[in-house]
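The values are calculated or read from the model by the stated rules, or taken from the named source; none is laboratory data. Here the structure is a predicted model, which means the values were calculated and not measured. Ideal geometry is used to build each Cβ from the backbone, glycine not excepted, and the neighbour counts take in all protein chains shown.
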Amino acid sequence: MKYDVLYDGAFAMLKVVLESGESVKAEMGAMVAMSPNVELRGTVDGGIMRGLGRMLSGEKFFFQELTATRGQSEVLLSPGAIGDIQAIELDGSYKLMVQKDGFLAGTHGIQVNTKMQNLTRGLFSGEGFFIIEISGRGTVFLSSFGAIHAINLGPGEEMIIDNGHLVAWPDYMDYKVEKAASGWLNSLTSGEALVCRFRGEGVVLVQTRNPGSFGSWIKSFVPNRP
């Protein structure tokens, strides 16, 4: 399957070229345009329990599956948020942990599940008790709010990351939740509160904008009704 990320940056769109019989699955509502010989159908992908699990992580219950029925076909996909798209190749040796709303599409062989975090991470990481777990062999397309930046950590290297900017990280990387500053007062007054400390080796993908902060900014312009 051939693909190309168009207009990468704030308004990215994914172009996928399918040969006859090839298919791609995407988040519900992601299709922008498609060739007339593409069959579009809704699918739970993995059964009802997996669908319910995805809902707990903030994802949609259904996927859309687009299949080229005859000849070469073209599909255009876009995420709901303003932001970037990045392709990740999975070889089956590890799983990719992804923030809610981070999955856009995947090729055949990609499974999208949920994973329950422990109590501390679920309460304080900003991701909730359930996060998206992507596994299998193939290409997964992630979407973000803003542009995507890769933080490469060598063995033993650490980086502190605001949880609202997390996009994805491999499951073999460990992280812990901690105060952003030396004390609770400094953490709260800095506007950061709790952060995630990642330890390498591995690559953490972050987004240049924080959806929560953007929502608060938009809310400041909405007049209060009596």
Restricted to region 157-178 and to residues being in a loop (DSSP other than H, G, I, E, B) and touching a strand residue (DSSP E or B) at 6+ places or on another chain (Cβ under 7 Å), the residue farthest from G200 (Cα to Cα) is D171
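What tally of residues in region 142-157 results from selecting those that are more than 19 Å from E89 (Cβ to Cβ) and either loosely packed, with under 11 Cβ neighbours inside 10 Å or within 14 Å of the chain's Cα centre (by Cα) (or both)? It would help to see each step written out before you state the result.
Narrowing region 142-157 to residues more than 19 Å from E89 (Cβ to Cβ): 145-147, 153-157.
When the remaining residues are screened for being either loosely packed, with under 11 Cβ neighbours inside 10 Å or within 14 Å of the chain's Cα centre (by Cα) (or both), the result is 145-147, 154-156.
So the answer is 6.
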Go through region 1-35 and give me each residue that's surrounded by 15 or more Cβ atoms within 10 Å (Cβ to Cβ) and among the aromatic types (F, W, Y).
-> Y3
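Kindly establish whether E192 is modelled with pLDDT under 95, surrounded by 14 or more Cβ atoms within 10 Å (Cβ to Cβ) and part of a strand (DSSP E or B). Write out each step before concluding.
Values: modelled with pLDDT under 95: yes; surrounded by 14 or more Cβ atoms within 10 Å (Cβ to Cβ): yes; part of a strand (DSSP E or B): no.
Here the answer is no, as E192 does not meet what is asked.
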Would region 103-112 turn up any residue that is of a type in the set (S, T, N, Q), modelled with pLDDT under 95 and closer than 26 Å to E201 by Cα?
-> yes
So, in region 168-181, of the ones that are under 22 Å from R209 (Cβ atoms) and at pLDDT 95 or above, which residue ends up surrounded by the most Cβ atoms within 10 Å (Cβ to Cβ)?
-> A168
Among the residues of region 197-221, which ones are of a type in the set (S, T, N, Q) and either at pLDDT 80 or above or assigned to a helix (DSSP H, G or I) (or both)?
-> Q207, T208, N210, S213, S216
